[in-house]
Amino acid sequence: MSLVLADIVHRYGRTLAVDRVSLEAERGEIVCLFGPSGCGKTTLLRLAAGLERLQAGRVALDGALLAGNGLDTPAERRPIGFVFQDYVLFPHLTAIENVAFALNVLPRKARRARAEEELARVGLDGLGGRYPHELSGGQQQRVALARAFARGPRAVFLDEPFSSIDAVLRRRLRDEIRRMLKERGAATLLVTHDPEEALALGDRIAVMKAGRIVEAASPRALFEAAKTPEGASLFPGAQQLFGIAAGGMLTTPFGAVTAPGLPDGPALAVVQAGGARGVEDPAGTGVVVDCRFAGPDWRARLRAVSDPAAEIVVVASDCAAPGARFAVRFDPARARIFPRPA
Ligand SMILES: Nc1ncnc2c1ncn2[C@@H]1O[C@H](COP(=O)(O)OP(=O)(O)OP(=O)(O)O)[C@@H](O)[C@H]1O
């Protein structure tokens, strides 16, 4: 393994921000750290980069220890490139000067040529003389990437690299950045709280919750066999439904789903997109609240007759008026069911 984070624990005073995390990334692999705000993603990345002092655990790259066992290599001496929210471009330096800044190990003349080369590689040739405020958000982000790549790092860390960029440009940049990262072949850790971004960029996704990695797997493996509700809920259109399991069947307010082997008791179903269909039925379990066309079929939002707090969106072949009753059929192949901790 190229990048190894092992048994990392970090506290800020009494707050346990990172709780026994181990994670590895291979050369050329993009691992997305995904999780809600405050779950410890940024702290983990800062520890790995050397921007925060390691309290417990180990960080190693290509077999060499960077931190742990009393060693703590300073950030600037780690062969790591990073783009952090609080390490933005220097406003008083031009794009090329910003990139050259990362190359202070080279003689002055060589720095400029190398910085120009890096800017060209991220598609910014000719714009090196501009100051950050003369560049668009996407261009500024590419300068930051060029700076991160400048020293030929063996690992690259990106913390919410698209947070200040509008949605349309963000999608385009995502594909570009994935291509650039793959071209460089470094082990990459990318922090995001956006599931769509994690799925679009990650070869693997490490799902974090309250300081821990609850599972790490490829998007496909998560779709087919997530071990946690958080992992299963990453996918567009996934919905969570609570119910009670008994005899290998989960009963929800909208009907039952088969769940072989599930222990009896409270449980949670994560229904993937298209996993629940609705048909009009005067004795149905749901009442239509709203219906929208979502080509080629419709999406009807239902409220449960038995529990007005429970809602679900189902696929329907026709539009139905609010107030109509729907019966719901679940596709067991598109439902992952998890026992709910008491
Ligand atoms: N410098 C700090 N001092 C004290 N507590 C901190 C500090 N930095 C982070 N924390 C706390 O540590 C926990 C993890 O924070 P962290 O920033 O790593 O989470 P995150 O998952 O990156 O969140 P976000 O997505 O909002 O950036 C949170 O409870 C946070 O309040």
Open item on the list: Please count how many residues of the range 211-263 are in contact with a strand residue (DSSP E or B) (Cβ under 8 Å, 6 or more places away or on another chain) and acidic (D, E).
Closed with: 2
Open item on the list: Could you go through the range 30-39 and let me know if any residue there is away from the ligand (no atom under 16 Å from the Cβ), surrounded by 14 or more Cβ atoms within 10 Å (Cβ to Cβ) and either hydrophobic (A, V, I, L, M, F, W, C) or modelled with pLDDT of 95 or more (or both).
Closed with: yes
TODO: Keeping to the range 160-180, report how many residues are under 16 Å from E29 (Cα atoms) and surrounded by fewer than 23 Cβ atoms within 10 Å (Cβ to Cβ).
DONE: 6
Open item on the list: Quick check on the range 295-307. Is at least one of its residues outside any strand (DSSP E or B) and surrounded by 17 or more Cβ atoms within 10 Å (Cβ to Cβ)?
Closed with: no
TODO: Out of the residues in the range 167-208 that are among the small types (G, A, S) and either within 14 Å of the ligand (Cβ to nearest atom) or part of a helix (DSSP H, G or I) (or both), state the one that is farthest from the chain's Cα centre (by Cα).
DONE: A167
Open item on the list: I'd like to know if the range 300-307 contains one or more residues that are out of contact with any Phe, Trp or Tyr (no Cβ under 7 Å at 6 or more places or on another chain) and of a type in the set (A, V, I, L, M, F, W, C).
Closed with: yes
Open item on the list: Of the conditions (1) within 8 Å of the ligand (Cβ to nearest atom); (2) in contact with an Asp or Glu (Cβ under 7 Å, 6 or more places away or on another chain); (3) modelled with pLDDT of 95 or more, A17 satisfies every one except a single condition; which number is it?
Closed with: (2)
Task: Which numbered condition E134 misses (of (1) open to solvent by 10 Å² or more (accessible area, probe 1.4 Å); (2) under 28 Å from L222 (Cβ atoms); (3) among the charged types (D, E, K, R); (4) at pLDDT 90 or above) - done: (2)
- [ ] Look through R27, R58, R20, R14 and report the one residue that is free of Cβ contacts under 8 Å to residues at least 12 places away in the same chain and open to solvent by 60 Å² or more (accessible area, probe 1.4 Å).
- [x] R14
Open item on the list: One residue is enough: does the range 85-96 have a residue meeting the conditions under 18 Å from the mean Cα position of the chain (by Cα), within 30 Å of L222 (Cβ to Cβ) and within 16 Å of the ligand (Cβ to nearest atom)?
Closed with: yes
- [ ] Give just the number: which of (1) touching a strand residue (DSSP E or B) at 6+ places or on another chain (Cβ under 7 Å); (2) more than 16 Å from the ligand (Cβ to nearest atom); (3) part of a helix (DSSP H, G or I) does R27 not satisfy?
- [x] (3)
Task: Among the candidates G248, G275, G237, G243, residue that is touching an Asp or Glu at 6+ places or on another chain (Cβ under 8 Å) and under 26 Å from V214 (Cα atoms) - done: G275
- [ ] Would you check which residues across the range 148-166 are part of a loop (DSSP other than H, G, I, E, B) and under 18 Å from the mean Cα position of the chain (by Cα) and list them?
- [x] E160, P161, F162, S163, S164, I165, D166
Open item on the list: Looking at the range 41-49, can you tell me whether even one residue there is open to solvent by 40 Å² or more (accessible area, probe 1.4 Å), more than 15 Å from the ligand (Cβ to nearest atom) and touching a residue at least 12 places away in the same chain (Cβ under 8 Å)?
Closed with: no
Task: Qualifying position, being touching a helix residue (DSSP H, G or I) at 6+ places or on another chain (Cβ under 7 Å), part of a loop (DSSP other than H, G, I, E, B) and either open to solvent by 70 Å² or more (accessible area, probe 1.4 Å) or under 18 Å from A95 (Cα atoms) (or both), among L124, L145 - done: L124
Open item on the list: One residue is enough: does the range 209-220 have a residue meeting the conditions in a loop (DSSP other than H, G, I, E, B), more than 30 Å from G123 (Cα to Cα) and of a type outside the set (A, V, I, L, M, F, W, C)?
Closed with: yes
Open item on the list: So in the range 70-103, with the set limited to residues that are assigned to a loop (DSSP other than H, G, I, E, B) and open to solvent by 80 Å² or more (accessible area, probe 1.4 Å), which one is farthest from A150 (Cα to Cα)?
Closed with: G70
- [ ] State whether the residues of the range 197-207 include one that is open to solvent by less than 50 Å² (accessible area, probe 1.4 Å) and out of contact with any Leu (no Cβ under 9 Å at 6 or more places or on another chain).
- [x] yes
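The values are calculated or read from the model by the stated rules, or taken from the named source; none is laboratory data. Keep in mind that what you see is a predicted model, and the values were worked out from it rather than measured. Positions of Cβ are generated from backbone atoms using ideal geometry, with glycine treated the same way; all protein chains shown enter the neighbour counts. Side chains are part of the model used for accessible areas, which takes the heavy atoms of the whole protein and leaves out ligands, DNA and RNA. Shrake-Rupley method; radii C 1.70, N 1.55, O 1.52, S 1.80 Å.
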